[in-house]
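Here's the structure, in structure tokens; my notes come after.
Readers should treat all values here as calculations from the given coordinates under stated rules, not as data from a laboratory. Every value quoted in this text rests on a predicted model; they were computed, and no experiment measured them. FYI the Cβ positions are ideal-geometry reconstructions off the backbone, even for glycines, and counts take in every protein chain you see.
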């Protein structure tokens, strides 16, 4: 498994992903886990793969065979993505691919395949893929249509919390990709222990704790309404 988050802003989009890649030995059939990228791209699209064992193959096929210029409408583009995903042989569950078109940086599509049946949906605001974690709460409640620079910090925070929550499924650091009218930017991967990531989490936690607990108690104290037993 893995965890990814895509956030669409007013000037483009950001995708953050962990770097846990599963590699299967043909001889023994054993899975090994190594650090690696979940992103692939062509001149016209960029993809991020998550979830099932065929997800990376689907992303690669989309990058190689899906050209926006060959489609005259959005429904044609969605159908092309669906047919490409279903064309990958093999049955698997939970394959997910985020597909972003470089010609329109805010046009993002989610390809999901179970067994060999695929579905495609357009993403308008935000989406989390991969393993189910409560860290998805962050994008659900904190996303806003702001800049991708600001949304990048929210994306990093979500992957950091997902890593803490499910270390057996999410890990090996964080990779960030942004897409805007100026093109694709892939940042140098962060370690989960990187000082910027640690500072981001510590600052967020301290701010939330103060908002929920300290500020509330200060207001009650000022109004003489402290609960029984509180000093």
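Compute the long axis of helix 148-165 from its Cα atoms, compare it with the longest principal axis of the Cα atoms of the chain, and write down the angle in degrees, 0 to 90, nearest 10. For helix 148-165, the angle is close to 80 degrees. Full extension of the chain segment joining residue 191 with residue 22 gains 59.0 nm, where the gain is 0.36 nm per residue of separation less the Cα-Cα distance. Per-residue Cβ neighbour counts within 10 Å put 83, 177, 1 in the sequence 83, 1, 177, beginning with the fewest.
The angle separating the long axis of helix 74-86 from the principal Cα axis of greatest extent in the chain is about 80 degrees. Here the simple spin-label model places points 7 Å from the Cα toward Cβ, and for residue 210 and residue 114 these points are separated by 4.5 nm. Relative to the longest principal axis of the Cα atoms of the chain, helix 195-209 runs at roughly 50 degrees.
Largest GNM mean-square fluctuation among 71, 40, 128, using the chain with Cα springs under 10 Å: 71.
Checking the a/c ratio against 1.5 first, then a/b against b/c, what shape does the Cα gyration tensor give for the range 97-179?
In terms of gyration-tensor shape, oblate.
Let me make sure I get this right: for the range 1-77, a, b and c are the square roots of the gyration tensor eigenvalues over alpha carbons, sorted descending. Under 1.5 in a/c it's rounded, otherwise prolate if a/b > b/c, else oblate. Which is it? Taking the square roots of the gyration eigenvalues as a ≥ b ≥ c, the range 1-77 is oblate. GNM remark for the chain: springs join alpha carbons under 10 Å apart, and the peak mean-square fluctuation among 53, 75, 35 falls on 75.
Under the rule a/c < 1.5 gives rounded, and otherwise a/b versus b/c splits prolate from oblate, where does the range 3-192 land using the Cα gyration tensor?
oblate
Just report the Cα centroid separation between the range 132-186 and the range 68-110, whole Å. Distance between centres, Cα-based: 22 Å. A simple spin-label model places the labels of residue 37 and residue 144 3.3 nm from each other, with each point 7 Å out along Cα-to-Cβ.
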